[in-house]
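Values quoted throughout were computed directly from the atomic coordinates according to the rules given, and no laboratory measurement underlies them. None of the values given here were measured: they were computed from a predicted structure. Every residue, glycine as well, gets a Cβ built from its backbone with ideal geometry; the counts of neighbours run over all protein chains shown.
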Amino acid sequence: MSAIEMGEEFYDRGRFDLRYKAFLEMVSADRARLHRYCARMTGSVLDGEDVMQEALFEAYRKLDHLQSEQSLGPWLHRLVHNRCIDFIRSRTVRRAKEAAAAEPDVAPATAIFGHDVSRALERLVIGLPPKERACVLLKDVFDYNLNEIAELVGSTPGGVKAALHRGREKLTAMPPKPANEIKTERGLLDLHALYVDRFNRQDWDGLRNLIHDDARLMITDVYAGRALRAYFVRFEEMPFQRDLVSGFLDNEPVLVLLGGVVREMVPSAVIRLEADVSGIALIRHYSNCPWIFALADSLELKPALITGRLH
């Protein structure tokens, strides 16, 4: 079952309509690349997907503002970059080093060196302030030239050189990164276990009792709005065996759908819950996003919950 099939009845209720789908098809070749940039800027493959989706919707709404002489690619990437910066700035807890992004570009230009940057280094840039992070990613990972980077980040070629120099020096001096610790509130893990149990028993009424009356639902490329009863009914109509399990995607607790829309019992969707003391306030359902799994450092599923039941 495709996202379009899953979302037919959602189009007239949420913000994603058929014109938006046509726009996504137009930019489909760049979506994995844009997600990679967003994920490395935000430090999370799921936050990166959220930021990319918001940027794509903003671009869709602003298409009429695109000048005839402008290329869609650079214009879209600039919107994506700005969304990433907005996301970083909006975090309630900001690293002290990110304040360095506001310092003026007065450092002397330095020679550009080395393009042989490993994927490990690509992950390390999250430790840099936003501007340096963006410049290192755009130059050493995505191979943009200095003028292109300057346009994307709102700087000058000299400013980009200075940011690259600072960022590369910090990366060189950075100690080995310890393994990420999994820090999760017990309450969220308990909620996940309860959600999984009721989902796999098809106790849809029990699931709805966990959710706020005004809870929000976001389905990738399909729907954003009130959580609808039809969201759960659709799982019953999936053509293949399915199971929902708890797991960790890059050390973030998530729910993972196995099978359902594909014959093999492999991850086909990720569900992210946001909750408070009174229940689930937001469900984010990520499907048709293979780049999420491809870019993630780790996906750990709880074997005890993989039952292989036929639904």
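Descriptive notes on the structure:
- Pairwise FRET efficiency - Thr156 versus Asn288, Cβ, R0 = 51 Å, nearest 0.05: 0.85
- Compared with the direct C-alpha span, the chain from Glu300 to Leu63 gains 81.4 nm at full extension, assuming 0.36 nm per residue.
- For segment 125-261, the square roots of the Cα gyration tensor eigenvalues, ordered a ≥ b ≥ c, give a/c of at least 1.5 with a/b greater than b/c, which places it in the prolate category.
- Where labels lie 7 Å past Cα in the beta-carbon direction, separation of Glu185 and Ala22 in nm: 4.4 nm
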